[in-house]
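Working notes, structure below.
All of the numbers you see were taken from the coordinates with simple rules; none came from a lab. The model shown is predicted, which means the values in this text are computed figures rather than measured ones. Methodologically, a virtual Cβ is constructed for each residue, glycine included, from the backbone with ideal geometry; neighbour enumeration extends over all protein chains shown.
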Amino acid sequence: MDPAPNKDADRREMEGILQDEVIGHLALAADGEVYVVPLNYTYLDGKVLFHCALQGRKLDMIRRNPGVCFEVSRQNGPPVAHGAETCDAPFESVICWGRARIIEDVAERQAVLNAFQARYDTPAKKREPISLERTEKCGAVEITVARMTGRRFAGEEKTRWEWSA
């Protein structure tokens with residue numbers, strides 16, 4: 001019998017992938033329309049944060065249906081050759097389900113944008129804090145993650161994770 005899953009360990013594994021990757025895919029659905037868009041993001045304290053324009057399709061769809069899905073993945077090597085073995089490629093992925101909230105308050109939006117800046121700040125490329133003037137011209141969205149699933153396939157190792165709030 002398999003041991004009981006350790007939900008805290010599962011969450012830590014998935015959060016590690018979310019914190020390492022820089023591009024994710026946001027999936028939205030509203031009024032019979034489905035829309036998936038790649039975007040850069042940061043993951044902080046159980047939330048996916050991203051910046052955007054002050055208007056557009058993403059925001060329109062979030063207003064109509066704040067239930068979203070967010071995915072990140074990475075391929076860790078070339079696909080296994082076809083043959084007697086199953087077709088496979090070593091990869092890791094995380095899918096998050098949650099509720100998106102458009103951040104309207106300018107001070108809160110500035111804090112989110114600065115958290116985003118901090119993630120990409122390096123000694124070689126310093127990022128300055130976002131000014132209030134710039135904040136007023138840039139949108140931000142926060143996704144509160146309610147559930148995550150993840151997978152790691154690496155040869156014979158096939159690991160699945162799951163966590164929910």
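May I ask you to derive the FRET efficiency for ALA30 and GLU128 from their Cβ-Cβ distance with R0 = 45 Å, giving the value to the nearest 0.05?
The value I calculate is 0.80.
What whole-number distance in Å separates the alpha-carbon centres of segment 104-121 and segment 7-71?
Centre-to-centre (Cα) distance: 16 Å.
Run the quick spin-label model on ALA89 and CYS138: label points 7 Å from Cα toward the beta carbon, then report their separation in nm to one decimal.
3.2
Normalised by the residues of segment 7-164, what does the relative contact order come to in percent, with Cα pairs under 8 Å and at least six apart?
Rounded, it is 28 percent for segment 7-164.
Sort THR135, THR122, THR159, THR149 so the one with the fewest other Cβ atoms within 10 Å of its own Cβ comes first.
THR122, THR159, THR149, THR135
Let me know the charge dipole size of the chain about its Cα centre in debye, to the nearest 20, where only the beta-carbon of Lys, Arg (+1) and Asp, Glu (-1) is charged.
Roughly 400 debye for the chain.
Report the residue, chosen from ALA27, ALA115, ALA89, that carries the largest GNM mean-square fluctuation when the chain is represented by alpha-carbon nodes joined by springs under 10 Å.
Looking only at ALA27, ALA115, ALA89, the biggest GNM fluctuation is shown by ALA89.
Which of LEU113, PRO123, VAL37 sits farthest toward the positive end of the charge dipole of the chain, with +1 on the Cβ of Lys and Arg and -1 on the Cβ of Asp and Glu?
LEU113
Cα to Cα, under 19 Å, and not fewer than 8 places away if on the same chain: which lysines meet these conditions relative to LYS7?
Once the sequence-local lysines are set aside, what remains near LYS7 is LYS47, LYS158.
Restricting to DSSP H runs of at least four residues, report the calculated mean residue ellipticity at 222 nm for the chain, -39500 (n - 2.57) per run over all residues, nearest 500 deg cm²/dmol.
-7500 deg cm²/dmol
Please state the relative contact order of segment 74-144 as a whole percent: Cα pairs under 8 Å, 6+ residues apart?
33
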